[in-house]
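Q: Sending over a structure as structure tokens; questions will come in a sec.
Every number here is computed from the coordinates shown, using simple stated rules; none is lab data. Given the structure is predicted, the values throughout are model-derived calculations rather than measurements. Here the Cβ is made from the backbone with ideal geometry for all residues, glycine too, and neighbour counts use every protein chain on show.
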Amino acid sequence: MSLKVPPRSLRSLPPEGAESVPWDGPAGLKVPPRSLRSLRPEGAESVPWDGPAGLTTQATSFSAKLRTPFAVLGLRSDGRAITQLTYLPLSERAQAPADKIAELAVRELERYLADPQFRFTVPIATGGTAFQQRVWTALSGIPLGQSRTYGEVARMVRSAPRAVGQACGANRIALVVPCHRVVGAQGSLGGFMNAEAGDPLAIKRWLLRHEGYRFGA
């Protein structure tokens, strides 16, 4: 009876359920067990993670952090455009801009805080699906001091209010793409998913009031 030897690529695979073990490669290179390979080296920075519908994990790799009365704004830039603007807790420290795009964004945000009539010109890279981009374009068309309900935006993009709410939650460029101008029916504020800590509705209320929105009007 001939003994068949499995291919070399299969001989290194451990039995199902078995733990991985160290491996000695060329020149003494050690590959740690699988259970250790996912651990971040000591002192390494955390990295952003895109979770469901606007849920983000706090990370340290920001291009700038700007303190405001309602939150610390965390900005990420790829050197050509702003790729994320999110709300961080007020306990976060401010951080000087790391590049020219982040510096421009900080200047424009400061101008917006001084005058809500200011129009942003900083380049942004929103990413997202085609549907999400249609929703975000509709949000950018809501005039200053006004709001639209999720149902009204849904009719504009020929979709459903729930899908609009999910697209608002996935907005990576908070404030500049004004998802805070979308409110609930019958005068309610609705949700506000981009805040990472604190009271999201307090941030939404501050921004609307800053822009001259008349509550209950």
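Q: Which whole-Hz couplings ³J(HN,Hα) result when phi for each residue of region 96-110 is put into the Karplus expression 6.51 cos²θ - 1.76 cosθ + 1.60, θ = phi - 60°, listed in order with x for Gly and Pro?
A: So the Karplus estimates, Gly and Pro as x, are 5, x, 8, 8, 5, 5, 4, 5, 5, 4, 4, 4, 6, 5, 5 Hz.
Q: Report, in debye and to the nearest 20, how large the dipole of region 130-210 comes out about its Cα centre when Lys and Arg carry +1 and Asp and Glu carry -1 on their Cβ.
A: Working: 10 positive and 3 negative charges, 43 e Å.
Dipole magnitude for region 130-210 comes out near 200 debye.
Q: Amide H of Ile173: which non-local residues (sequence gap of 5 or more, or other chain) have their own amide H closer than 5 Å, using H built in the peptide plane?
A: Leu85
Q: Under 5 Å between amide hydrogens, which residues at least 5 positions from Thr149 or on another chain qualify, with H placed 1.01 Å from N in the peptide plane?
A: Amide H neighbours of Thr149, under 5 Å, 5+ apart: Val183.
Q: So, in nm, how far is label Asp199 from label Leu144 when the simple model puts each one 7 Å beyond its Cα toward the Cβ?
A: Placing both labels 7 Å beyond Cα along the Cβ direction yields 2.7 nm.
Q: Under the rule of at least 5 residues apart or a separate chain, name every residue whose amide H is placed under 5 Å from the amide H of Asp78.
A: Thr83
Q: Under the 0.36 nm per residue contour assumption, what length would be gained going from the current alpha-carbon distance of Ala125 and Arg80 to full extension?
A: Full-extension gain reported as 15.3 nm.
Q: May I ask you to compute the full-extension gain from Lys100 to Arg214, defined as 0.36 nm times their residue separation minus their alpha-carbon distance, rounded to one decimal in nm?
A: Full extension of this stretch gives 37.4 nm more.
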